1. Enter the mean projected area of the convex hull around the alpha-carbon atoms of the range 146-209, in nm², rounded to one decimal.
2. Considering amide H positions built from the backbone, and no H for Pro or chain starts, which residues 5 or more places from Ser210, or on another chain, come under 5 Å of its amide H?
3. Test of the criteria: in the range 70-167, which chymotrypsin sites (Phe, Trp or Tyr not before Pro) are in a DSSP loop and have at most 12 other Cβ atoms within 10 angstrom of their Cβ?
4. Hey, which of these cross-link pairs are over 24 Å Cα-Cα: Lys40/Lys155; Lys40/Lys294; Lys70/Lys100; Lys70/Lys264?
5. What is the calculated FRET efficiency for Asp256 to Ile34, with r their C-beta to C-beta distance and R₀ = 51 Å, to the nearest 0.05?
6. Tell me the trypsin sites (Lys or Arg not before Pro) within the range 299-331 that lie in a loop according to DSSP and have at most 11 other beta-carbon atoms within 10 Å.
7. Suppose the chain between Trp45 and Ala199 were pulled fully straight at 0.36 nm per residue; how much longer would it get relative to their current alpha carbon spacing?
8. Give me the extension gain from Leu317 to Val293: residue separation times 0.36 nm, minus the current Cα-Cα distance, reported in nm with one decimal.
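What follows draws every value from the coordinates through simple rules; no lab data is involved. The structure displayed is predicted, hence computed values, not measured ones. Heads up, the Cβs are rebuilt from the backbone with ideal geometry, glycines too, and the neighbour counts pull from every protein chain shown.
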Amino acid sequence: MSEFTIIEQFFKKPFSNVCTQSAVTLGIGDDAAIINPQQKGGGAWVVCVDTLVEGVHFLPIATAEDIAYKSLAVNISDFAAMGATPYWMTLSLTLPHMDKAWLARFSRALYQLASQYGIYLVGGDTTRGPLSVTVQLMGLNPTDHVSALLRSGAKPNQIVAVSGDLGGASLGLDILQERVQQMDAGALSRLNRPEPRLALGHLLRGFASSCIDISDGLVGDLLHICRASAVSAIIDVEQLPIYEGLYFGVTPPDGDTFDTAVAKAVTFGDDYELLFTIDAEKWKPFMDAVDQVKHATNGLKVTQIGTTRPLMNDRPLLSWRRLGQPYQFQEERLSAYEHFT
């Protein structure tokens, strides 16, 4: 089976969302796609791309369905963090060998999630090599919100908040790698099929000053906001929404389950929750708005976890406290995931 046959059989499919497809002047089958964003009302272009590689982003035992889902979901999460709306995607798929059954399952899951969010596949590439999946997502900011949510908008004395729970994906990986002797379907789902917080991201456009999705860990991603915005932040560790099962899935060397679980939750990443800053006076109106769209966010909780502060030379960019007192993790230096360190 040639790469052109793969495209024709598994990825050149009719799409149920006619509204999204109407902006595609030319889709799969030529050297490039042609898109007319004016058909979607115009606005500022938003583009992101993520590559998932076997052995780095997913284990060799991962199913075709989970790989397809996560490859697209992590890109949708980037759009959520920007308050943008995704419409079109391209797919670059590298396969070690031909497996029609695997491709059928992969493409079915990919189209299922794409249809859920109204995303249309317009092109891509297939090649032979170690298994990896690259998805490029394209979309728009609405014309009345040309300026996207950015990492650089935080100001001193704002609330730092996060959606959902932290640490579930970490527990999921420990389960798959048999480092813990427990089964937790929720943790496995959070690792393999993270839910993009797109509806929340759209809501944040009218309230948040900065936003980022947690892919590499709260520690690293909050530092991205601090550096981009020239602020520091202090986090109240007792307020962190830790995935409950994580407390039972850690084996601390000295018996301090709280410290070990929290440290794991803020450094592992792969949670794809939204981390954002917001003015204190906007917090109640924002939470009222969240309550009004519970149907769209599946009852997603949002938690205030700290505050931003002015940047000072003698103060670290990120510090911690517990019950109002300075808190020092047992691990001397917390660090987020980085590919080349």
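1. Its Cα hull, projected and averaged over all orientations, spans 6.1 nm².
2. For Ser210, the qualifying residues are Thr277.
3. Numbers: sites: Phe79, Tyr87, Trp88, Trp102, Phe106, Tyr111, Tyr117, Tyr120; in loops: Tyr117.
When the chymotrypsin sites (Phe, Trp or Tyr not before Pro) of the range 70-167 are filtered for loop state and at most 12 Cβ neighbours within 10 Å, nothing remains.
4. Long pairs (Cα-Cα over 24 Å): Lys40/Lys155; Lys40/Lys294.
5. 0.30
6. Details: sites: Lys301, Arg321, Arg322; in loops: Lys301.
Listed in order of number, the matching sites are Lys301.
7. The Trp45-Ala199 span can extend by a further 53.6 nm.
8. The span from Leu317 to Val293 would gain 5.2 nm if fully extended.
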